[in-house]
1. For the range B:241-262, give me each residue that is surrounded by 19 or more Cβ atoms within 10 Å (Cβ to Cβ), within 12 Å of chain A (Cβ to nearest Cβ) and of a type in the set (A, V, I, L, M, F, W, C).
2. Can we say B:Val152 is modelled with pLDDT of 95 or more, surrounded by 24 or more Cβ atoms within 10 Å (Cβ to Cβ) and either among the charged types (D, E, K, R) or within 30 Å of A:Asp199 (Cα to Cα) (or both)?
3. Does any residue in the range A:45-68 that is in the same structural domain as A:Met146 (by TED's automatic domain parsing) come within less than 6 Å, Cβ to Cβ, of a residue that is of a type in the set (Ser, Thr, Tyr) and not in a loop (DSSP other than H, G, I, E, B) six or more places away or on a different chain, and which pairs are these?
4. Which condition breaks for B:Leu126 when tested against (1) at positive phi; (2) modelled with pLDDT under 95?
5. Could you check A:Pro27 against (1) part of a loop (DSSP other than H, G, I, E, B); (2) surrounded by 24 or more Cβ atoms within 10 Å (Cβ to Cβ) and say which number it fails?
6. Name every residue in the range A:236-261 that is more than 16 Å from B:Glu90 (Cα to Cα) and without any contact (Cβ under 8 Å) to a residue 24 or more places away in the chain, in order of residue number.
7. Are there any pairs with C-beta distances below 9 angstrom linking a residue in the range A:99-116 that is at pLDDT below 95 to a residue that is buried (at least 24 other Cβ atoms within 10 Å of the Cβ) and not aromatic (Phe, Trp, Tyr), with the two at least 6 apart or on different chains, and if so which?
8. Return only the number of the condition from (1) among the small types (Gly, Ala, Ser); (2) more than 11 Å from every other protein chain (Cβ to nearest Cβ); (3) closer than 28 Å to B:Val124 by Cβ that B:Ala220 does not satisfy.
Amino acid sequence: MSEFTGIRGTVWFRALTGQASPLPGDPKSVLTSDAPIGKEQARFLCVVPDPHGRFPCARHGEVGLEEAYTLATRVREVIDESKNTNKRPIVAIVDAKSQAYGRREETAAIFLAAAAAADAYGSARLAGHPVITLVVGQALSGGFLMHGYQANRILAFDDEGVMIHAMHKAAAARVTLRSVAELEELAKKIAPMSYDIRDYAKLGLLYKLLHVENPEKPSAEDIRNVQNELVGAIANARSGPVDLRNRLESKGAQEMRKASLLVRSKLEAQWQEA
Amino acid sequence: MTDKRYGANFIHRQSFIELDARERATALFDAGTSRELLGPFDRVESPWLAMQGVTPQEDDGCVVMKGKIAGQAAVVVALEGAFQGGSMGEVSGEKMTAALDLAYADSKKGIPTSAVILLETGGVRLQEANLGLAAIAELMGSILLLRKYAPVICLSAGTVGCFGGMSLAAGLASYVVMTREARLGLNGPEVIEQENGIDEFDSSDHALVWAIDGGEQRFATGLIDALVEDDTPQVVDAIRRFVGKGVPAVHRSTQVELFRSRIKALDTSRQWEPNELRTLWTAKSATEGKQ
């Protein structure tokens, strides 16, 4: 597992949009750009490290207060501009270390900022915008809830440097009173605990795993392939419902989320009787 | 004027905090109208805990009840803080999401069905890690659907409070109700101390913890909608009031411009006294202020 560097987000943002700068008035840690994908203009968003950011605990690629409200602003712009016209796709490129862990953040209610970002993405999806998430690096915990997890379709690179998880290893081991070695051993047997993206893919939450030769220095062919996959995911999202039910209806979920399916069928039956 | 905290009610009150999840849920309904769904006798428990040597519970620490509140259809989902810290696993998460989806389906059919979510939780259950995180994401999607048709009311009474991913669920709610004993925040003090050191957050400083995350502070800064005493009739009154109010004109989590400008105006070169924020951010909540 490679250490978090924050390079991949910028690399892929540039690869897909041709540039990598924030919009005027935005913090340097949020990249926003409108760029062509297929025959339309999508809005691309990415959170990247800014070593000189205003908030000391959000300088390494964490999604903090400013990042969350900036994402919410830039996503809501797309919803507002296209109320009566074509619903443009929104693409979240994800390489986010986590949420920001700081006292300032808690004092200024990062829980609400986080909800506002997720609200914007979720509201865009419900309004009919195809919201596509491309995980190119880390997608951890609250960072992913704010930026990426409300998408209609989630794509991720099939690569060792990609990780989707509820909490990074060291912290998860501490909280569950285990050593990192014990945690890794358990994670091999228990798919939802695994840090391996291929195990994550078994849960049925991903639309697709993408093979990319070199995620940190993509070739022109890599980029073309990813663009084609994004076009496919956008079309696929448009053809389905705007809620998140596809995740539980997926093939993977039939196998790995049997308990969820049981809960749903039993609760539905009892609800009708109550 | 007497201090409300030690007012006459102090000795007569009926503690809500001392109730377990099932008793809390029952207390919120009009008498005799509630029925538990997928209760412990249905024995749908976590499939992941036993294989890790953790004893599961037959309701997975999540109580779902349907009935009437203030004469209107409602569902209450209560997390049991005493089981695995109220954490969200696959089963408890799906119970909550499915209950909200059923309330949404009924609301769309013309029976507005409010949801009341009782949050005593540290967030994701790490033994079920990615399925817990996914459950929270799906729950958030379902809150966004339901809250257009019927209010989603979050109540954190304490003493676990509401942390981690589930604080985002509270952030999306139509209304949030807390007691002084409850706390609401994304990262718990221990986690911040572990990640960024004791200088950033001394988690043993309980006064500081409550000054930041406590119900009184969250109410005084306009981030929640009601502060109630740990008194069952008061809690019930607040919930009935918000069920009666229905869907708010504006949800707090859509007030992006307001909160973004507030964040921009803060001096980030130093830590703030939580009290400073009370003067900068008025107690009038962003949702009620717009009505």
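1. B:Val256, B:Phe259 - these are the residues of the range B:241-262 that are surrounded by 19 or more Cβ atoms within 10 Å (Cβ to Cβ), within 12 Å of chain A (Cβ to nearest Cβ) and of a type in the set (A, V, I, L, M, F, W, C).
2. No, not satisfied.
3. Between residues of the range A:45-68 that are in the same structural domain as A:Met146 (by TED's automatic domain parsing) and residues that are of a type in the set (Ser, Thr, Tyr) and not in a loop (DSSP other than H, G, I, E, B), the close pairs are A:Leu45/A:Thr32; A:Val48/A:Thr10.
4. (1)
5. (2)
6. Matches in the range A:236-261: A:Ser239, A:Pro241.
7. none
8. (3) is the only condition that B:Ala220 fails.
The values are calculated or read from the model by the stated rules, or taken from the named source; none is laboratory data. Quick caveat: nothing in here was measured; it's all calculated off a predicted structure. Glycine also receives a Cβ, built like all others from the backbone with ideal geometry; neighbour counts cover every protein chain displayed.
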